[in-house]
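Every read-out reported here was derived from the displayed coordinates using simple, explicitly stated rules and does not represent laboratory data. Source: prediction; values computed, not measured. As a convention, Cβ positions derive from the backbone with ideal geometry for all residues, glycine included, and neighbour counts pool all protein chains shown.
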Amino acid sequence: MGRSTWAPGGRVIQTGYVLTDLFFIFLNGFAVFYFRFVPNWLPDLLRGERPRIPDLMIGDEYLGFLLLFGALIVLFCHSQDLYRTVITRPALDESLAVVTAVIAATILLTASIYLSNIKVISRLVVGGSAVLNIATLAAWRLWRRQIVEGHVAAGRGTRNVLIIGAGKIGQELARYLDGNRTLGLAVKGFLDQNHSAEPRLLGRIEDLASLARAHFVDEIFVTIPSAREVVRAVALEARRNHLDVKVVPELYDGLGWRAPLEYVGDFPVLSLHREPIPVLGLLAKRAMDILVSAVGLIVLSPLLAAIAIAIKLDSPGPAFYLSTRVGKKGRKFTCYKFRSMVVNADALKDGLRNLNQRCGPTFKISHDPRITRLGCFLRQTSLDELPQLGNVLKGDMSLVGPRPPSTDDFDQYSLEHLRRLDVTPGITGLWQISARRDPSFERNMALDIEYIENWNLWLDLKILMKTIPTVVAGNGE
């Protein structure tokens with residue numbers, strides 16, 4: 001049997017799994033307890049009398065029972081490797097591991113109760129709790145698995161990979177990753193000095209920096225470790241470009257000393273460099289996005305409806321404008337806005353390019369003739385962008401981040417411009433609050449890079465707070 005492969009997440013996610021299990025264990029314990037004893041209370045309650053409940057039934061014994069049961073289940077679940085996301089483990093195997101863990105914990109708990117001669121613990125409570133624990137602990141893991149697989153299928157959370165070496169090992173690694181999409185690793189191609197007939201050969205190893213940027217690469221896999229100077233050069237270049245590096249080893253001295261050995265499916269790899277990921281910060285950012293966008297859509301729903309009606313009355317055409325935008329790592333998505341231009345605005349764009357007032361691969365002109373009467377007001381107040389809260393809720397966008405380019409603007413990007421697509425695009429950002437009327441795309445780009453390099457949650461909060469007076473001032477175009 002192949003070795004298990006783990007999804008990233010570390011201690012934060014493992015702690016979340018443990019807390020989720022404990023929540024269900026305690027919930028199930030209280031539910032079974034009340035199911036067992038509440039029927040005995042009902043006659044007293046119906047007569048308006050105080051229920052006659054033996055003190056021991058709700059005392060320390062049952063609380064101790066729950067604490068011990070929870071600790072045992074967590075211990076046995078840990079022994080079954082259930083507190084890390086095993087991407088390659090089949091769902092049935094994971095459910096059977098839950099069954100094994102709960103049954104083992106129940107047997108040990110029952111033996112403890114018997115040996116301690118505690119007779120007040122109902123066997124129905126023990127058995128019922130065990131059954132409910134098996135059902136709920138397996139069910140929430142199946143639900144989590146569906147969420148993860150859905151994200152992978154939609155391209156969310158997928159990490160792009162370049163393989164150094166298009167020889168036998170490199171080809172086998174590529175075939176394995178292509179056949180196991182749930183690993184969340186997408187092979188973009190090979191770099192090699194030879195093997196020119198390989199259809200996915202992107203270039204030579206010296207082209208690593210430019211090709212990694214062009215294909216939004218996150219990880220480098222080296223399958224020719226015996227070429228030590230090549231590995232050293234790749235590792236140094238990857239560090240400069242914030243890329244993870246893994247080596248499918250022949251174990252060699254020096255460069256590989258103390259590098260942790262991991263498995264990607266059945267492939268052993270040495271991790272020479274790992275770019276740190278601020279997991280807690282990103283989770284908090286996503287939680288804030290979900291909370292603010294959901295509340296905003298609910299609270300602003302009357303305003304959204306009023307704007308939609310006003311647009312329909314102002315000019316012929318739909319109330320909403322749907323456009324294809326380019327998001328994180330070049331993934332395309334449908335961006336929602338209120339329509340502020342005439343219906344055929346996109347068709348008229350090419351004829352107006354000679355009037356473009358922005359420098360670089362972006363398009364903007366003052367007094368755009370395509371803008372409707374109401375659209376001018378909507379754009380000045382940024383009300384046309386309110387529907388993008390729906391994009392934030394879906395995860396295509398964030399509240400704060402670089403603006404997502406249109407596909408025609410993206411087609412004009414040079415290699416260095418792709419850096420701004422390393423993160424999820426946002427509704428607002430540094431450019432919107434500090435240089436909104438600056439026509440220079442390079443200034444826009446510099447602010448986006450500053451945001452990416454210095455990101456933290458406090459920076460997002462400051463940008464959001466500064467966005468409010470900017471919107472109120474009506475500085476939009």
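Can you give the relative contact order of the stretch 388-477 as a percent, counting alpha carbon pairs under 8 Å and 6+ residues apart?
Worked out over the stretch 388-477, it gives 31 percent.
Counting Lys +1, Arg +1, Asp -1, Glu -1, what net charge surrounds VAL234 among other residues with beta carbon under 13 Å of its beta carbon?
With Lys, Arg at +1 and Asp, Glu at -1, the neighbours total -1.
Note the full-extension length gain between SER196 and ALA71 as 0.36 nm times their separation in residues minus their Cα-Cα distance, in nm to one decimal.
39.2 nm
As a footprinting exposure proxy, order TYR62, TYR34 by other Cβ within 10 Å, with the fewest listed first.
Starting with the residue having the fewest Cβ neighbours, the order is TYR34, TYR62.
Hey, fewest Cβ within 10 Å first, where do LEU399, LEU108 land in order?
Sorted ascending by nearby Cβ count, the order is LEU108, LEU399.
Subtracting the Cα-Cα distance from 0.36 nm times the residue separation, let me have the gained length for ILE449 to ALA209 in nm, one decimal.
84.7 nm
How much FRET efficiency would the formula 1/(1 + (r/R0)^6) give for ASP350 and ASP93, where r is the Cβ-Cβ distance and R0 is 45 Å, rounded to 0.05?
According to the calculation, E is roughly 0.20.
List, largest first, the extents of the alpha carbons of the stretch 370-462 along their principal axes, each in whole Å.
If we take the Cα atoms of the stretch 370-462, the spans are 39, 30, 25 Å.
For CYS335, what charge total do you get from the other residues with a beta carbon under 11 Å from its beta carbon, if Lys and Arg give +1 and Asp and Glu give -1?
Net local charge, CYS335 excluded: +3.
How would the stretch 280-472 be classified by its alpha-carbon gyration tensor: rounded, prolate or oblate, with rounded meaning a/c under 1.5 and the a/b versus b/c comparison settling the rest?
Here the stretch 280-472 falls in the oblate category.
Pick out, in residue order, every one of the trypsin sites (Lys or Arg not before Pro) in the stretch 422-462 that is DSSP loop and has at most 16 other C-beta atoms within 10 Å; say none if there are none.
Taking the stretch 422-462 and a limit of 16 other Cβ atoms within 10 Å, the loop trypsin sites (Lys or Arg not before Pro) found are ARG436, ARG437.
Just to confirm a number: summing +1 for Lys and Arg and -1 for Asp and Glu over residues other than ARG156 whose beta-carbon lies under 14 angstrom from that of ARG156, what do you get?
Net local charge, ARG156 excluded: +4.
Starting from the 7 Å offset along Cα-to-Cβ, what nm value, one decimal, do you get for the label separation of LEU461 and LYS332?
Going by the 7 Å Cα→Cβ label model, 3.9 nm.
Setting aside same-chain residues fewer than 8 positions from LYS349, which lysines have a Cα under 30 Å from its Cα?
LYS312, LYS328, LYS329, LYS332, LYS337, LYS364, LYS394
Test of understanding: ordering LYS332, LYS246, LYS285 by Cβ neighbours within 10 Å, fewest first, what list do you get?
Fewest-to-most ranking of LYS332, LYS246, LYS285: LYS332, LYS285, LYS246.
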